[in-house]
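In what follows, a single structure is set out as structure tokens and then discussed.
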Amino acid sequence: MPDIISQSTGKTCPTQHVIISRNKEADINNQPTNADWVHSAQNVFKSSRDNAKAGIVRVDEDLKAQQNSYDTFAEKYDEFVLQHDGYRAPVILAEEVERLIPTLKGAKILDIGAGTGLTGQRIREKGYLNIDAFDMSKKSLAISRSKGAYQNYFVSTGSPTGAELNMVLDNSYDMVVSAGTFWTTTSHPGVYMFEELARIIKPGGHILIVANTEYIEGHWQEWDVLDKLAEEGILRAAPSQSRPQLPH
């Protein structure tokens, strides 16, 4: 039976959570002055969250704006999050992978929201090489491909329910990981994707997610979906832990 282990990682203001499951914004105070693309992306995401809090959900419209934002700053993404934000989510995920399956180096892992491959790179450094990428930004995936971060690359349309995962066979992965993707807005992957994740994860596998607490606590979340999976014995929750979001 699968488990959800959640951890929190402190950021400058909000914290982040790592949710590990399945038994069966960046703080830009130090951003470059010419980083218009960062402002644009933040505005897209903030607008979506504000609308959700007001009961206005525009998934299709938000998806288009979201994809455009990721494609626009794909080439600058790594530099910004690593140099100007001290982004540690990929490091935290890699550490958790090694902690949970220290001897299973051949584990098959799927990275949801793989982007430019930061998480894939960190996990590979730990000796886990069988990793696949899943993301809606073709430009970001092209960058991750140039790094050799993953074995297979799946382009998503961005469905928050993970509809495209229907092409993945049951019990295909030992682990699913995701950094900074879940719950960011109503058009990002959310609780409804867990129904598909529970299907593609092998019994005894894990789902590891790093997300900002602000997003997890967003008014657009419907946690009864996860409650139902837990009641059915498919997922199991574990106590959360917290770690500070420290710079490199």
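The values are calculated or read from the model by the stated rules, or taken from the named source; none is laboratory data. What you are looking at is a predicted structure, and each value in this text was computed from that prediction instead of being measured. The area values use the complete protein model at the heavy-atom level, side chains included, leaving out ligands, DNA and RNA. Shrake-Rupley method; radii C 1.70, N 1.55, O 1.52, S 1.80 Å.
Annotations
- Average accessible area per residue (Å²) across the stretch 69-217 - probe 1.4 Å, nucleic acids and ligands excluded: 37 Å²
- Under 5 Å, built H, 5+ apart or other chain: amide partners of LEU208: SER21, VAL176, VAL177, SER178
- GLU231 sits with roughly 150 Å² accessible to a 1.4 Å probe, with DNA, RNA and ligands left out of the calculation.
- Working from the Cα coordinates of the stretch 89-147, the gyration tensor eigenvalues give, after taking √(5λ), semi-axes of 20, 10, 9 Å in decreasing order.
- Amide H contacts under 5 Å for PHE154, placed H, 5+ residues apart: ALA133, PHE134, ASP135
- Sequence-ordered 3J(HN,Hα) estimates for the stretch 224-233 from the Karplus curve with 6.51, -1.76 and 1.60 and θ = phi - 60° stand at 4, 4, 6, 4, 5, 5, 5, 4, 7, x Hz, glycine and proline given as x.
- For the stretch 66-211, the square roots of the Cα gyration tensor eigenvalues, ordered a ≥ b ≥ c, give a/c of at least 1.5 with a/b no greater than b/c, which places it in the oblate category.
- Largest to smallest in accessible area, the residues TRP183, TRP223 fall in the order TRP223, TRP183 (1.4 Å probe, all protein chains included).
- Taking all C-alpha pairs of the stretch 119-192, those more than 13 Å from each other amount to 69 percent.
- Distance violations [Cα-Cα > 23 Å] among LYS64/LYS138; LYS105/LYS147; LYS64/LYS108: LYS64/LYS108
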